[in-house]
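Enquirer: Once you've had a glance at the structure underneath, I'll fire off some questions.
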Amino acid sequence: MNVARGYTTGDTIVARATPRGASALSIVRLSGAQAVTISASVFEGKDLSGVPSHTASVGYLRSDDEGAVDHVVATVFLSPNTATGEDIVEFTCHGGDVASDEALRMLVQAGARMAGPGEFTFRAFLNGKIDLAQAEAIGDLIHAKSVRSNRVSIAHLRGEYSSELSIIRASLLELLALIELELDFSEEDVEFADKARLEALLNQALLKIGALASSFRLGNALAKGVRVVIAGRPNAGKSTLMNAILGYDRVIVSEVPGTTRDEIEASIIYNGIAYQFVDTAGMRETADLIEAEGVKRSEKALSTADVLLYLIDITSEGALGDLSWARGLPDRIPGLAVLVVGNKVDMAAATSHTEYDLKLSAKLLGQNESDLGDLMGLIERISIGSDVFAEEQQIVTSQRHQVHLEAAKEAALRAQSQLHSGGSGDMLSADVRSIVEHIGSITGEVTNEDVLSQIFSCFCIGK
Ligand SMILES: Nc1nc2c(ncn2[C@@H]2O[C@H](COP(=O)(O)OP(=O)(O)OP(=O)(O)O)[C@@H](O)[C@H]2O)c(=O)[nH]1
Ligand SMILES: [Mg+2]
C-alpha cells in the first residue's frame with residue numbers, strides 16, 4: 001500500500017537506531033510483519049519465533065555462509081502493544097560501526113528493507129499509536145535545546161497538547177450539530193433558539209485557540225532557539241560584549257579596529273531558551289580585502305538574525321549618526337527586532353545620549369550581574385514578548401500548527417460576527433467546519449500526503 005510519497009507499508013523495515021561512531025552499545029531495530037521471522041533466521045540462541053512479547057534473549061547474530069558477526073541481545077515486542085503497532089525486534093549490538101553495519105547487512109539479506117527517515121514514527125502514526133502532533137513532538141524531543149524545551153515536547157508526546165485540541169474539537173462539533181439541527185428545520189433566516197449556548201461554545205473555543213496561538217512566540221524560541229547577531233562599527237566593543245555574555249574569552253579583543261573578521265558563534269541558555277550569539281566584523285568601508293569580506297558577511301548575518309543587537313561606542317564621534325542609522329533598520333529589514341545598545345558608559349559623562357534601549361559597559365559587564373541581567377531581559381522581551389503562561393497552558397512549538405491555529409482563529413472570529421449579526425446559517429456552519437478542519441489538521445485527523453511526507457522526511461533514519 002502506498003500511503004505517502006516514499007513510504008510503503010506491509011514490508012519489514014530495519015535501521016540503526018543509535019548514531020554511528022564508537023560507543024558501548026548500538027541498536028538495530030526492525031518493524032513489520034516479518035520482523036520476528038527475519039530475526040529468527042539470523043539469530044543463534046533461543047528460537048525468536050517462539051518467545052513471548054517484551055522479552056530479551058542473548059545470542060549470536062550469524063549466517064550459515066559467514067558465521068557469527070556479533071554477540072547481541074534480541075528484544076522481541078509483539079503487535080499490537082508496540083511503538084509502531086507492528087512486531088518489533090531490537091538487536092542491541094556492540095558499539096562501533098562494524099558490528100551494527102554487519103547486523104544491518106545480514107538483516108537486509110534476510111529480507112528486511114532499509115527504513116527511510118522517520119519511517120518507524122510514520123508507521124506508529126498510521127497504526128493509530130500516536131497522532132501527528134505527537135509524532136512531531138518526538139522530533140522536537142530529539143532536538144530539544146534545553147530542559148525547558150524537553151518538558152514542552154514531553155507534554156506534547158504524552159498527548160496533553162492533543163487532548164487540549166480534542167476538547168476544542170469536541171465543543172466545535174457540538175456547536176456544529178446544534179447549528180445544523182436548526183438549519184434542517186427552517187428554510188431561511190434562521191433565528192437560533194439557543195443562541196446563548198452557541199455563543200458560549202464558540203467563545204470558549206476561540207479563547208482556547210487564541211491562548212494556544214499566542215504561545216507560539218515562546219514555543220518557537222524554545223524549539224529553535226533565538227539568534228542574536230551583534231553588529232556595529234569597528235571597535236564598538238562587540239567582541240568584548242560577546243565574551244562578557246558568554247562568561248569566558250571566546251573572541252579576540254583589541255584596540256585595533258577590524259579585529260574580528262569571521263563570524264563567531266556561541267550559545268548560552270537563559271531562562272530555558274537557547275540564545276545563539278553571533279559576533280561579526282565591524283561595519284565600515286575598508287580597503288583591506290579580508291576585512292571587506294568580513295564586513296560583507298556581517299551584512300548578510302543581519303538577515304539571519306532574530307534579534308539584532310546593534311552596539312555603539314557612545315564616546316565615538318559618529319555615535320549619534322550611527323544611532324539614527326540603526327533606528328531606521330527595522331524599516332529597511334521588515335520584521336527585524338533591533339536593540340540599540342550604547343557601550344563604554346564607564347568613559348562617558350552620565351548625561352550623554354539617552355536614546356539607547358540600554359547603556360552599559362561591555363568591559364565591566366562580567367563584574368556586573370545586574371547589567372547583564374538587564375541586557376538578557378531586554379533580549380528575552382524583544383524575542384519572545386513578556387506574556388506569562390499558566391503552568392497548564394500548552395505551548396505551540398510548530399510553525400505548521402501555528403498556521404492552522406491562526407486560520408482557525410480567523411474563522412472563529414468570522415463565525416462570531418455571523419452569530420452576532422444574525423447572518424446566514426449556512427455561512428456560520430461553513431466557518432465552524434473550517435475551524436474543525438484546521439484543528440484536525442494539527443493532530444492529523446484531516447491531512448494529506450504532501451504534509452505527511454514533509455513532516456516525516458525531516459526525521460532522522462531509524463526514528
Ligand atoms: N572603556 C571601555 N573600553 C571598552 C569597552 N568595551 C570594549 N572596550 C575596548 O574597546 C576596544 C575594542 O573592543 P572589541 O571588543 O575588540 O571591539 P569590536 O567591536 O569587537 O571591534 P572589531 O572586531 O574590530 O569590529 C578594546 O580595546 C576594548 O578593551 C567598555 O565598555 N569600556
Ligand atoms: Mg571584534
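Enquirer: Can you tell me which condition Gly128 does not meet? The list is (1) in contact (Cβ under 8 Å) with a residue 24 or more places away in the chain; (2) in a helix (DSSP H, G or I); (3) closer than 24 Å to Ser457 by Cβ, and all the others hold.
Expert: (2)
Enquirer: Residues that are hydrophobic (A, V, I, L, M, F, W, C), at least 3 per element: which strands (runs of 3 or more DSSP E) completely within segment 1-68 meet that?
Expert: Details: elements: 2-4, 13-16, 25-31, 55-63.
The strands (runs of 3 or more DSSP E) meeting that bar are 13-16, 25-31, 55-63.
Enquirer: Please state which of the following conditions Ala200 fails to meet, knowing it meets all the rest: (1) within 16 Å of ligand 1 (Cβ to nearest atom); (2) open to solvent by 20 Å² or more (accessible area, probe 1.4 Å); (3) in a helix (DSSP H, G or I).
Expert: It fails just one condition, (1).
Enquirer: If we scan segment 370-393, do we find a residue that is over 30 Å from the mean Cα position of the chain (by Cα) and of a type outside the set (A, V, I, L, M)?
Expert: Step one: list which residues in segment 370-393 are over 30 Å from the mean Cα position of the chain (by Cα), which gives 370-371.
Add one more test, that the residue is of a type outside the set (A, V, I, L, M), and what stays is 370-371.
Within segment 370-393, one or more residues are over 30 Å from the mean Cα position of the chain (by Cα) and of a type outside the set (A, V, I, L, M).
Enquirer: Where residues in segment 17-54 are of a type in the set (Lys, Arg) and modelled with pLDDT of 95 or more, which of them is most open to solvent (accessible area, probe 1.4 Å)?
Expert: For segment 17-54, the residue satisfying everything is Lys46.
Enquirer: A follow-up question, please. Within segment 78-86, is even one residue acidic (Asp, Glu) and assigned to a helix (DSSP H, G or I)?
Expert: no
Enquirer: For Val278, indicate whether it is away from ligand 2 (no atom under 12 Å from the Cβ), assigned to a strand (DSSP E or B), open to solvent by less than 20 Å² (accessible area, probe 1.4 Å) and farther than 18 Å from Gly377 by Cβ.
Expert: no
Enquirer: Here's another thing I want to ask about it. Any chance segment 333-346 includes a residue that's modelled with pLDDT under 90, within 16 Å of Leu378 (Cβ to Cβ) and within 26 Å of the chain's Cα centre (by Cα)?
Expert: Yes, some residue in segment 333-346 is modelled with pLDDT under 90, within 16 Å of Leu378 (Cβ to Cβ) and within 26 Å of the chain's Cα centre (by Cα).
Enquirer: Counting just the residues of segment 213-258 that are among the β-branched types (Val, Ile, Thr) and in contact (Cβ under 8 Å) with a residue 24 or more places away in the chain, which one comes out nearest to ligand 1 (Cβ to nearest atom)? Break it down into steps so the answer makes sense when it comes.
Expert: Residues of segment 213-258 that are among the β-branched types (Val, Ile, Thr), as a first pass: 226, 228-230, 240, 245, 251-253, 256.
Still in the running and in contact (Cβ under 8 Å) with a residue 24 or more places away in the chain: 226, 228-230, 240, 245, 251.
Working: Val226: 21, Val228: 15, Val229: 13, Ile230: 8, Thr240: 3, Ile245: 12, Val251: 7 Å.
Taking the candidates together, the pick is Thr240.
Enquirer: Something else about it: In this structure, does Gln454 turn out to be closer than 30 Å to Leu178 by Cα and in a helix (DSSP H, G or I)?
Expert: no
Enquirer: Another question, if that's okay. Determine, yes or no, whether Thr75 is polar (S, T, N, Q) and within 30 Å of the chain's Cα centre (by Cα). Please lay out each step first, then the result.
Expert: Values: polar (S, T, N, Q): yes; within 30 Å of the chain's Cα centre (by Cα): no.
Spelling it out, it is not the case that Thr75 is polar (S, T, N, Q) and within 30 Å of the chain's Cα centre (by Cα).
Enquirer: Run Tyr356 past the list (1) crowded, with 18+ Cβ neighbours inside 10 Å; (2) part of a helix (DSSP H, G or I) and report the number of the one that doesn't hold.
Expert: Among (1) crowded, with 18+ Cβ neighbours inside 10 Å; (2) part of a helix (DSSP H, G or I), Tyr356 violates only (2).
To keep it simple, each residue is scored yes or no on (1) open to solvent by 30 Å² or more (accessible area, probe 1.4 Å); (2) over 28 Å from the mean Cα position of the chain (by Cα); (3) at pLDDT 95 or above.
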| position | (1), (2), (3) |
| --- | --- |
| Glu160 | yes, no, no |
| Ser166 | yes, no, no |
| Ser171 | no, yes, no |
| Glu191 | yes, yes, no |
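Enquirer: Now a separate question. Out of all the residues in segment 284-299, is one or more at pLDDT 70 or above and under 20 Å from Trp325 (Cβ atoms)?
Expert: Step one: list which residues in segment 284-299 are at pLDDT 70 or above, which gives none.
No.
Enquirer: Could you list, in sequence order, all residues of segment 259-280 that are within 10 Å of ligand 1 (Cβ to nearest atom) and in contact (Cβ under 8 Å) with a residue 40 or more places away in the chain?
Expert: Answer for segment 259-280, where residues must be within 10 Å of ligand 1 (Cβ to nearest atom) and in contact (Cβ under 8 Å) with a residue 40 or more places away in the chain: Asp279, Thr280.
Enquirer: Being assigned to a helix (DSSP H, G or I) and farther than 17 Å from Leu201 by Cα is the requirement here; does Leu419 meet it?
Expert: Details: assigned to a helix (DSSP H, G or I): yes; farther than 17 Å from Leu201 by Cα: no.
Answer is no for this residue.
Enquirer: Moving to a separate point now. Select from segment 241-264 the residues that are more than 8 Å from ligand 2 (Cβ to nearest atom) and either of a type in the set (Phe, Trp, Tyr) or surrounded by 15 or more Cβ atoms within 10 Å (Cβ to Cβ) (or both) and list them in ascending order.
Expert: Selection gives Leu241, Asn243, Ala244, Ile245, Leu246, Tyr248, Arg250, Gly258, Arg261, Glu263, Ile264.
Residue-by-condition table, conditions (1) touching a helix residue (DSSP H, G or I) at 6+ places or on another chain (Cβ under 7 Å); (2) closer than 14 Å to Val14 by Cα; (3) in contact (Cβ under 8 Å) with a residue 60 or more places away in the chain:
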{"site": "Val36", "(1), (2), (3)": "yes, yes, no"}
{"site": "Ser53", "(1), (2), (3)": "no, no, no"}
{"site": "Asp64", "(1), (2), (3)": "no, no, no"}
{"site": "Leu104", "(1), (2), (3)": "no, yes, yes"}
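Enquirer: If the Cβ limit is 9 Å and pairs must be 6+ apart or interchain, which residue in segment 136-161 that is within 20 Å of Phe456 (Cβ to Cβ) and among the small types (Gly, Ala, Ser) pairs with which residue that is open to solvent by 50 Å² or more (accessible area, probe 1.4 Å) and outside any helix (DSSP H, G or I)?
Expert: Ala137/Arg158; Gly139/Cys458; Gly139/Cys460; Gly139/Lys463; Ser153/His143
Enquirer: Of the residues in segment 351-407, how many are within 16 Å of ligand 2 (Cβ to nearest atom), of a type in the set (A, V, I, L, M, F, W, C) and out of contact with any Asp or Glu (no Cβ under 6 Å at 6 or more places or on another chain)?
Expert: The total comes to 1.
Enquirer: Could you check how many residues of segment 99-111 are buried (at least 16 other Cβ atoms within 10 Å of the Cβ) and either within 32 Å of the chain's Cα centre (by Cα) or under 12 Å from Val69 (Cβ atoms) (or both)?
Expert: 8
Enquirer: Report whether or not Val432 is modelled with pLDDT under 85 and not in a loop (DSSP other than H, G, I, E, B).
Expert: So Val432 does not fit the description; no.
The values are calculated or read from the model by the stated rules, or taken from the named source; none is laboratory data. None of the values given here were measured: they were computed from a predicted structure. No Cβ is skipped: glycine too gets one built from the backbone with ideal geometry, and neighbour counts run over all protein chains shown. Each accessible area value is taken on the protein alone, full model and side chains, heavy atoms only, with ligands, DNA and RNA left out. Shrake-Rupley method; radii C 1.70, N 1.55, O 1.52, S 1.80 Å.
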